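The values are calculated or read from the model by the stated rules, or taken from the named source; none is laboratory data. No experiment lies behind these values; they were computed from the predicted model shown. Here the Cβ is made from the backbone with ideal geometry for all residues, glycine too, and neighbour counts use every protein chain on show.
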Amino acid sequence: MSDTHSPLVSVLVPICNVEKYLEECLESARTQTLEDIEVICINDGSTDGSLRIINSFVEKDPRFKVIDKPNSGYGDSMNKGLEAATGKYVAILESDDFLDPEALEYMYGEAERQNLEVLKCNFWLYWSELDPSRSNRHNLYFPLASAELIEMGPHAPIDYPSIFWAKPSIWSALYSKDFLDKNDIRFLPTPGASYQDSSFTFKVLACAKRLAFSGRAFLHYRQDNENSSVNSKGKVYCVCDEHAEIARFLDEVRPDLKQALGPVRAHTKFLNYRWNYDRLGDQLKGEFLDRFRDEMRQEIASGEIASGYLDGSIWDDEQTRGFLYFEPWEIEEIQEIVEDPKFYAVHRACEKSSGKKETIKRYWAAGGASYVSRVLTSKFSR
């Protein structure tokens, strides 16, 4: 290939201290049946043997390139990879995951055939060790997209916003480089942050006019990497940073989308914050719940969570019923969060109670007879 040749696909591989899995990952890129690719390895200041492994691939395959830099975080690494990419399409391959050989050939073919800005595939949840709870299988199929979305073909997700609530997954996908550049879609470059697929995914879904889903699965998304993001105090508010970036993007880059996507953004925030709350250890839940409460209050005050949800009127309005984003149980939880976060905390804790007796004891310990009466009244009224 000449220096002026543009490959069909640029594969971005962000790397930081992942020598245990890196060779398998890069080998899966090297052996793709689509050969006209470049593989850009972004080494984010690794202190293990990752750079040595990268260089071994660079030496034996001219399609491999390395960006070697001091540690500056995942988002900055990805942005540097996007700036360096010269392919018509961009794929993202996490350094502890791996691809089946035909992955890029299939995705490139579909993107071209359907003239897509984005193609997203389903994927495999992968464990290194076999386990009886998974029927002793390494892979479990993860259906990111429903059969209806797959059947729909190319579409604008803003018209079918349920996909915004799905698991954010930047991999197992192909993106038009021109689409990303024209819409200024980049990662939040916060050092040490996590969950930086959240704002990137939202931006992609918000801006895409020709996105399609495939039920095929090629990527093996590793579930047992002991060095993955963990429950640490430094990462408590990373999800908040991502949602602040989503709000900034709608305010500054795509204000034309803000009215349509404001309520979608608010619902996505609720779901992400709820997930983050549940994953935190007990010693961290309290401080995050204060932030959760304050931001839900802001969403209500701004009208992004419509008052009709809270007073019940929206459920009886024929014109709005087809555009509801929040389920009744979600609104109930939001009201708990903003009015009585202590009750919400025990409510969530009791989701894991072993029985009615333990549940009653928890409510009594948290708020005495008033909490017990409240939860019993709620259960009998359903």
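Here is a yes/no grid of residues against (1) β-branched (Val, Ile, Thr); (2) more than 18 Å from residue 272 (Cβ to Cβ):
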site: 120; (1), (2): no, yes
site: 124; (1), (2): no, yes
site: 147; (1), (2): no, yes
site: 163; (1), (2): yes, no
site: 168; (1), (2): no, no
site: 197; (1), (2): no, no
site: 201; (1), (2): yes, no
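Those residues that are acidic (Asp, Glu) and over 24 Å from residue 128 (Cα atoms), I need them from the stretch 2-55; list them, please.
3, 35, 36, 38, 44
Would the stretch 266-280 turn up any residue that is charged (D, E, K, R), modelled with pLDDT of 95 or more and not assigned by TED's automatic domain parsing to the domain that holds residue 87?
For the stretch 266-280, residues charged (D, E, K, R), modelled with pLDDT of 95 or more and not assigned by TED's automatic domain parsing to the domain that holds residue 87: present.
Which of the following residues is more than 27 Å from the chain's Cα centre (by Cα) and of a type outside the set (Ser, Thr, Tyr): 67, 53, 37, 15?
53 is the lone residue from the list that is more than 27 Å from the chain's Cα centre (by Cα) and of a type outside the set (Ser, Thr, Tyr).
For the stretch 224-245, which positions are surrounded by 15 or more Cβ atoms within 10 Å (Cβ to Cβ), in a loop (DSSP other than H, G, I, E, B), modelled with pLDDT of 80 or more and not hydroxyl-bearing (Ser, Thr, Tyr)?
If the condition is that a residue be surrounded by 15 or more Cβ atoms within 10 Å (Cβ to Cβ), in a loop (DSSP other than H, G, I, E, B), modelled with pLDDT of 80 or more and not hydroxyl-bearing (Ser, Thr, Tyr), then 236 is the only one that fits.
Looking at the structure I just gave you, is residue 291 of a type outside the set (Ser, Thr, Tyr), crowded, with 16+ Cβ neighbours inside 10 Å and part of a helix (DSSP H, G or I)?
Yes, satisfied.
Rundown of residues vs (1) closer than 18 Å to residue 219 by Cα; (2) at pLDDT 95 or above; (3) hydrophobic (A, V, I, L, M, F, W, C); (4) surrounded by fewer than 18 Cβ atoms within 10 Å (Cβ to Cβ), yes/no style:
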position: 1; (1), (2), (3), (4): no, no, yes, yes
position: 7; (1), (2), (3), (4): no, yes, no, no
position: 12; (1), (2), (3), (4): yes, yes, yes, no
position: 15; (1), (2), (3), (4): yes, yes, yes, no
position: 29; (1), (2), (3), (4): yes, yes, yes, no
position: 41; (1), (2), (3), (4): yes, yes, yes, no
position: 45; (1), (2), (3), (4): no, yes, no, yes
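List the pairs whose first member sits in the stretch 266-289 and is of a type in the set (Ser, Thr, Tyr), whose second member is surrounded by fewer than 16 Cβ atoms within 10 Å (Cβ to Cβ), and whose Cβ atoms are under 7 Å apart, counting only residues at least 6 apart or on separate chains?
268/165
May I ask you to list pairs of residues, at least six apart or on different chains, whose Cβ atoms are under 7 Å apart, with the first in the stretch 360-371 being surrounded by 13 or more Cβ atoms within 10 Å (Cβ to Cβ) and modelled with pLDDT under 90 and the second being of a type outside the set (A, V, I, L, M, F, W, C) and not in a helix (DSSP H, G or I)?
Filtered contacts from the stretch 360-371: 362/353.
Pairs needed: first member in the stretch 323-334, in contact (Cβ under 8 Å) with a residue 60 or more places away in the chain and under 14 Å from residue 266 (Cβ atoms); second member anywhere, in a helix (DSSP H, G or I) and not hydroxyl-bearing (Ser, Thr, Tyr); C-beta distance under 6 Å; at least 6 residues apart or different chains.
Filtered contacts from the stretch 323-334: 325/263; 325/267; 334/296.
Are any of the residues in the stretch 153-164 farther than 22 Å from residue 78 by Cα, more than 15 Å from the chain's Cα centre (by Cα) and of a type in the set (Ser, Thr, Tyr)?
Scanning the stretch 153-164, I find at least one residue that is farther than 22 Å from residue 78 by Cα, more than 15 Å from the chain's Cα centre (by Cα) and of a type in the set (Ser, Thr, Tyr), so the answer is yes.
Under 8 Å between Cβ atoms, at least 6 apart or on separate chains: pull out the pairs that start in the stretch 6-18 with a residue that is within 10 Å of residue 43 (Cβ to Cβ) and end on any residue that is at pLDDT below 95 and aromatic (Phe, Trp, Tyr).
Cβ pairs passing all conditions: 14/74; 16/74.
Which one of these does residue 354 not meet: (1) modelled with pLDDT under 90; (2) within 30 Å of residue 246 (Cα to Cα); (3) not in a helix (DSSP H, G or I)?
The single condition residue 354 does not satisfy is (2).
Out of the residues in the stretch 294-322 that are surrounded by 11 or more Cβ atoms within 10 Å (Cβ to Cβ), under 19 Å from residue 162 (Cβ atoms) and not charged (D, E, K, R), which is modelled with the lowest pLDDT?
Result: 320.
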